[in-house]
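Just below is one structure, and these are the notes that go with it.
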Amino acid sequence: MKHFLKHFLLLLPLLFLVSCFDILDKVNVKADGSGEYSLILNASKSKTRLASISKMETINGKKVPKRGEIEAKINEAARIFKSVPGISNVKTSMDFDNYIVKLSCNFKKIENINAGLDQLKAKNILGKMVPTQIYSHNSAKKIFTRNKINTFKSDYDKLSAADKEVFNNAKYTSVLQFENTVKSQSNSAYQLSPNKKAMKLEGNILDFILQKKQIQNNIILQ
């Protein structure tokens, strides 16, 4: 199971040991296409268990990553993001009391984030099955797109019943904020804010693995 989870996310190794964690990605896009991006990994719901596990050398035959190793991985991710053209103001924060990790930055265009995620995958910071070409933006036509991602259903189907339980309580949330008002969207699963300048998609990670919920969305801005 640890090997399978590494295909998804290597940024916080302790997440491989618990099922109750949240992933939040947030994008704030200005009218000129620049903006801010953040990725938050939150395992605070499992902090008591993680605190106990962190004191162990191994669990189920697997080496338990230490704080220094996790910090090194996060700092490496920040260095990689800083090297990507169009990305600036890269910041990281690590709360080891509550097991919350955050990576944030500014971008000149949203495709810079795709390039940054590609680099993280190339350096084995992200697992090979994590999608990276996830955003596109045509500022002239005022179209912002969350691109379609591949299904992981075949990989999930190969897991044992016990391994599948790891995903039962794992959550994913995507938040999109715009300077311009949203005129229309192609995916009604995204909740539109009253001022029509923000959208949210949330659900169990398993729903996205099995494609019960779709991430793809074509958003037309005014």
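Here, each number is a calculation from the coordinates, and none is a lab measurement. None of these values were measured; they are calculated from a predicted model. Methodologically, a virtual Cβ is constructed for each residue, glycine included, from the backbone with ideal geometry; neighbour enumeration extends over all protein chains shown.
Per residue of the range 105-120, in order, report the coupling 6.51 cos²θ - 1.76 cosθ + 1.60 (Karplus, θ = phi - 60°) as ³J(HN,Hα) in whole Hz, putting x for Gly and Pro.
Result, ordered by residue: 6, 9, 9, 7, 8, 5, 5, 4, 5, 4, 5, x, 5, 4, 5, 4 Hz.
Of Q119, M199, A161, which is farthest towards the positive pole of the range 116-221's charge dipole, taken about the Cα centre with +1 and -1 on the beta-carbons of Lys, Arg and Asp, Glu respectively?
My answer, from the dipole projection, is M199.
Classify the range 105-222 from the C-alpha gyration tensor, please: rounded if a/c falls under 1.5, else prolate or oblate depending on whether a/b exceeds b/c.
Taking the square roots of the gyration eigenvalues as a ≥ b ≥ c, the range 105-222 is oblate.
Quick one: Cα centre-to-centre distance for the range 135-154 and the range 92-120, in angstrom?
19
Say each of N195 and T48 gets a label point 7 Å from the Cα, pointing the same way as Cα to Cβ; how far apart are those two points in nm?
3.9
Could you go through the range 137-149 in sequence order and give the Karplus-derived ³J(HN,Hα) for each residue, using 6.51 cos²θ - 1.76 cosθ + 1.60 with θ = phi - 60°, rounded to whole Hz, and x for Gly and Pro?
8, 9, 5, 5, 8, 6, 10, 10, 10, 8, 6, 5, 10
Suppose each label sits 7 Å from its Cα in the direction of the beta carbon; what would the K183-A78 distance come out to in nanometres?
4.1
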